[in-house]
Amino acid sequence: MEKALVITSFRRNFHNYRDGVGEELRGILRGKIEIGAEREDMAGITLEELQRYACVICYCPDSWELTGKDPFAAALASYLFAGGRFLLLHIMSFGGFAEGAQLFGGAFRMHPPYQKYRFVPAGTGDKVLEGVKEFSLYEEAHLLHTDRLLPKEMLLFAVCERPMPHSRGVLPHGDIYAQNSGIRVPLAWKYRLCRGKVVYSCPGHNAESFREPSYRRFLQNAVDWLLEQEN
């Protein structure tokens, strides 16, 4: 069976992968791909190591200091351009610098409060959405600029009927959700980058998010699309 590399964080009180997330993720991936290694030392990962894996999965690594000049960013770009597969879960720090935003399709805008959202499939007909029904989760629905970046196929949108005030007061998010207007915010997508494939999905604040049946089905479908062999 093909193997995946998970890049994550083991830091306590910061989306700790070992607080049940890793166990849930292994269950979701069972029979599709095996997790071959779990690492948090992103700076030490080379292109040669990435090329040993059929897919790279990022779950909340401590990457806010990452820039386009870092060796890992260059290695990841080379991996993707040559046909690598990349699954990003509940991570927005890659969108903090221009090169990273291009790699995963979103530029960081803001971090709304943790609250309840409805996640709505973008439509029908896409293999990634087969069997995926609307679901609700308490989440951090990261808001990203997406319109100025590479073309993407949107997969999930979030709706929040009662947006909470942003505690930091830096950028109200009520304008985005338009005070109960039902505006749908894109929070999962897929796209191709040269010969590579990328799927980004925002839900994943804690292990509970990965226990939602419809979200598990969505992630399983996403992995199928990533690993699908093409001529």
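Please list, in order along the stretch 19-27, the HN-Hα scalar couplings obtained from phi with the Karplus expression 6.51 cos²θ - 1.76 cosθ + 1.60 (θ = phi - 60°), rounded to whole Hz, x for Gly and Pro.
8, x, 5, x, 4, 5, 5, 4, x
If you take the charge dipole of the stretch 1-52 about its Cα centre, with +1 on Lys and Arg Cβ and -1 on Asp and Glu Cβ, which of Leu25, Gln51, Ser9 is farthest toward its positive end?
The Cα lying farthest towards the positive end belongs to Leu25.
Using the Karplus curve 6.51 cos²θ - 1.76 cosθ + 1.60 with θ = phi - 60°, work out ³J(HN,Hα) for each residue of the stretch 58-75 in order, rounded to whole Hz, and write x for Gly and Pro.
Running phi through 6.51 cos²θ - 1.76 cosθ + 1.60 with θ = phi - 60° gives 10, 10, 6, x, 7, 10, 5, 8, 5, 10, x, 8, 6, x, 5, 4, 5, 5 Hz.
Give me the distance in nm between label points sitting 7 Å out from Cα along the Cα-to-Cβ direction at Ser136 and Glu23, one decimal.
2.7
At 7 Å along the Cα-to-beta-carbon direction for both Arg30 and Tyr114, put a label point, then send me their distance in nm to one decimal.
2.8
Can you list residues from other chains, or at least 5 along the same chain, whose modelled amide H is less than 5 Å from the amide H of Ala4?
Answer set, sorted by chain and number: Glu34, Ile35, Gly36, Ala37.
Take Glu2 and Thr46, extend 7 Å from each Cα along the Cα→Cβ direction, and tell me the distance between the two endpoints in nm.
2.4
Which trypsin sites (Lys or Arg not before Pro) from the stretch 34-140 combine a DSSP loop assignment with at most 15 other Cβ atoms within 10 Å?
Sites meeting the loop and neighbour criteria: Arg52, Lys69, Lys133.
Note the full-extension length gain between Glu212 and Asp126 as 0.36 nm times their separation in residues minus their Cα-Cα distance, in nm to one decimal.
28.9 nm
Need the list of lysines near Lys116 for cross-linking: C-alpha distance under 28 angstrom, and skip anything on the same chain fewer than eight residues off.
Lys127, Lys133, Lys152, Lys190
To the nearest 10 square angstrom, what accessible area does Trp64 show with a 1.4 Å probe?
My reading of the accessible area for Trp64 is about 110 Å².
The values are calculated or read from the model by the stated rules, or taken from the named source; none is laboratory data. Every value quoted in this text rests on a predicted model; they were computed, and no experiment measured them. A quick note on method: Cβ atoms are made from the backbone with ideal geometry, for glycine too, and the neighbour counts reach across all protein chains shown. SASA here: full protein model, heavy atoms, side chains in, ligands and nucleic acids out. Shrake-Rupley method; radii C 1.70, N 1.55, O 1.52, S 1.80 Å.
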